[in-house]
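Okay, so here's the structure we're looking at.
The values are calculated or read from the model by the stated rules, or taken from the named source; none is laboratory data. Small disclaimer: the values here were computed from a predicted structure and weren't measured. Cβ atoms come from the backbone with ideal geometry, glycine included; neighbour counts cover every protein chain shown. Surface accessibility is based on the protein's heavy atoms, side chains included, excluding ligands, DNA and RNA. Shrake-Rupley method; radii C 1.70, N 1.55, O 1.52, S 1.80 Å.
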Amino acid sequence: MRNSVPLLCLWSVHCCFAAGSPTPPGPEGRLQDELRTPRNVQIVAKPLVRFNLRTSGDSEHEGCYLSLGHNQPLEDCGFNMTAKTFFIIHGWTMSGMFENWLYKLVSALQMREKEANVVVVDWLPLAHQLYTDAVNNTRVVGHSVARMLDWLQEKDDFSLGNVHLIGYSLGAHVAGYAGNFVKGTVGRITAITEVVKCEHERAVHLFVDSLVNQDKPSFAFQCTDSNRFKKGICLSCRKNRCNSIGYNAKKTRSKRNSKMYLKTRAGMPFRVYHYQMKIHIFSYKNMGDIEPNFYVTLYGTNADSQILPLEIVEQIGLNATNTFLVYTEEDLGDLLKIKLTWEGAAQSWYNLWKELRSYLSQPRSSERQLNIRRIRVKSGETQRRLTFCVEDLDHTSISPGQELWFHKCRDGWRMKNETSPTVELS
């Protein structure tokens, strides 16, 4: 899975209706009418935007509804003025109902921040529209959230700095508008859709994972495109080029449209361990185009990896350094040795065709044999660099169906630029 991550985004909007201006048509006009309605007038229609203080993560539990200008619900619902307050803002909906991820996120927040207030911003009537209409409604909802925050700021001990707006999909737009309209600065705004671009709802589950598995944070790496990331080129943490994702993400200044990528496991915890592998491949014969099926097995102090394929993104460069990305689901600890295998005949029709094409493209008299003397490895999570040398310097060749073993090089083999100290990521 390939995911991109520009971390925390704020949306800037400078538009509002002037005081005394006529009520605009549509949802915005109705919302303003609701906000101006005297307290002694009973409102029959369901509000367009409701604030549901969740007292339980159970979807069957209704929770408490906060009402702008009414203090009693705050007391009845046990709103904690001194604690953190999370506003979860859903996005566009086709069903007109909350999706399952919302309750999982509520439960994860309540488990992580036990004293916090978790408020769901329910704008289903405005989100259950044509997508373009729902987009236009986000500013209206953002203004409503800002009004609620401004009202809460009038209460003793409530601090806007303790507020965290979490928006998913179009809810990210709402959060941005709210941050722009509110009087003051919100403590934190997360645009989940913009944080990790991947399949539907995956970003939310990554955020939930960061709450539930705080000891296993997932790291993402800044990269210009997915091909460079798949080649393992982008595992650098210099100048804020890497960051943990989700709730644990550190606030950093990054380029406006920078993309960040990571690999994940199929389920929680999603964290994996990324490794860059640089292999200089020698060929003493004219072999033409070749696509060897290379696999590696990593052996560490904590565990050994499974057999990991070296994905060829473009084409193997002969008599050149090739870079690969591999990742493991377990923390292997300190790497001790590496086994490199060149698989023989492939099983799938596609790989059989690659084998045949590779065979036909090279001179008939040549033997498919490559030479590899060492493998350089960099850990994305620790930023540690190691060099592994072939076990027997007199036998550096490898052919289909064969393997080579590599051990940590003696100090004399290590390059000066490969001895950088370990960087710890908090």
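General observations
- Per residue, the range 98-192 exposes 37 Å² of solvent-accessible protein surface, assessed with a 1.4 angstrom probe and all protein chains in place.
- In this simple spin-label model, placing a label point 7 Å from the Cα along the Cα-to-Cβ direction at both residue 76 and residue 393 gives a separation of 8.3 nm.
- Solvent exposure, largest accessible area first (probe 1.4 Å, DNA, RNA and ligands not counted), of 50, 228: 228, 50
- Placing a pseudo-label 7 Å from each Cα along the Cα-to-Cβ vector at residue 55 and residue 252 gives an inter-label distance of 4.2 nm.
- Rounded accessible area of residue 299 (nearest 10 Å², 1.4 Å probe): 40
- Listed peptides 322-335, 68-81, 383-396, 139-152 by packing density, highest first (mean Cβ within 10 Å): 139-152, 322-335, 383-396, 68-81
- Two-site FRET efficiency, residue 284 against residue 331, from Cβ-Cβ distance with R₀ of 30 Å, rounded to 0.05: 0.15
- Annotation: residue 223 carries an accessible surface of approximately 10 Å², with a 1.4 Å probe and no ligand, DNA or RNA atoms counted.
- You can think of it this way: the chain between residue 225 and residue 299 has 23.6 nm of extra reach, that is 0.36 nm per residue less the Cα-Cα gap.
- Euclidean distance between Cα centres, the range 309-345 to the range 87-119, Å: 41
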